[in-house]
Structures are given as C-alpha cells and as structure tokens.
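What follows is one structure encoded as structure tokens, with my remarks underneath.
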Amino acid sequence: MVIVAGTIEVNPDQREAFLAGRIDGMRTSRAEPGCLEYTLSADPTNPGRVMLFERWASQKDLDAHLAAMRARPAPATGVTPKAASIFVYDVAGERPLGR
C-alpha cells in the first residue's frame, strides 16, 4: 500500500472555491483502479490550509493515477495554491487502531 499525504496552502478567502473545483477530480480519482481513498478537505483550524490524503493499493496504481492527472486539464477555479507539501509513504502493513 502507498499513502500520499500533505498540505496545500491557499488564500483563506479562496479555499472553498479551491475545494469545490476539485470535487469532480476526487470522484474521478476514487474510481481509478487501486484507489482506496482520495480526499481533499479543509483544515478546521487553519482557514488557508487544505489537507490531502490518498491511499493506493500499489505504486503502480499511483503512477497510473499521476499519469492520468497530467493528461487532464487543471480545474478552472482561478485559485492558485501558494505552496504545497506532499509526501509519498510506502506502507509495510496495517492493523486496526488499538491492537
């Protein structure tokens, strides 16, 4: 399993437009082979921050997703992120919390 997680910084007054412009992309990504989770969400304590969390069954699935994203036009929201900090994590295993 591969996890992609990070933050995207936007102007606070543009965050809702940024998120709204990515709903269709989230739906498309969630329908891709190997996508276990794909979420962009507002940070409830920082009005200029968007959280990104993705889970993919394999690196191959993530690579196919990234290639598909590059082939799609960017959402026309007029919102340009100020910064992004996104990382890929290779997961060796998983277990329910508390065990």
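Bear in mind these aren't lab numbers, they're just calculated from the coordinates by the rules spelled out. Model, not experiment: these values are computed from the prediction. Note: ideal-geometry Cβ built from the backbone for every residue, glycine included; neighbour counts use all protein chains shown.
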Just add up the charged neighbours of Arg72: K/R +1, D/E -1, any other residue whose Cβ is under 12 Å from the Cβ of Arg72. 0
Calculate how steeply helix 59-71 sits against the longest principal axis of the alpha-carbon atoms of the chain, using the helix alpha-carbon long axis, and give the answer as 0 to 90 degrees to the nearest 10. 30
Under 12 Å, Cβ to Cβ, from Asp43 - net charge with Lys/Arg +1 and Asp/Glu -1: +1
Here are some values of Rg and Dmax of the Cα atoms in Å: (1) 14.3, 45; (2) 12.8, 37; (3) 16.4, 53. Which one was computed from this structure? (1)
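Sum -39500 (n - 2.57) across every DSSP H segment of at least 4 residues in the chain, then divide by the residue count to get the 222 nm mean residue ellipticity, nearest 500.
-7500 deg cm²/dmol
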Assuming a ≥ b ≥ c are the square roots of the Cα gyration tensor eigenvalues, decide whether the range 1-42 counts as rounded (a/c under 1.5), prolate (otherwise, with a/b larger than b/c) or oblate. oblate
Once phi for every residue in the range 35-41 is put through the Karplus expression 6.51 cos²θ - 1.76 cosθ + 1.60 (θ = phi - 60°), the whole-Hz ³J(HN,Hα) values, with Gly and Pro written as x, are 7, 9, 6, 8, 9, 10, 9
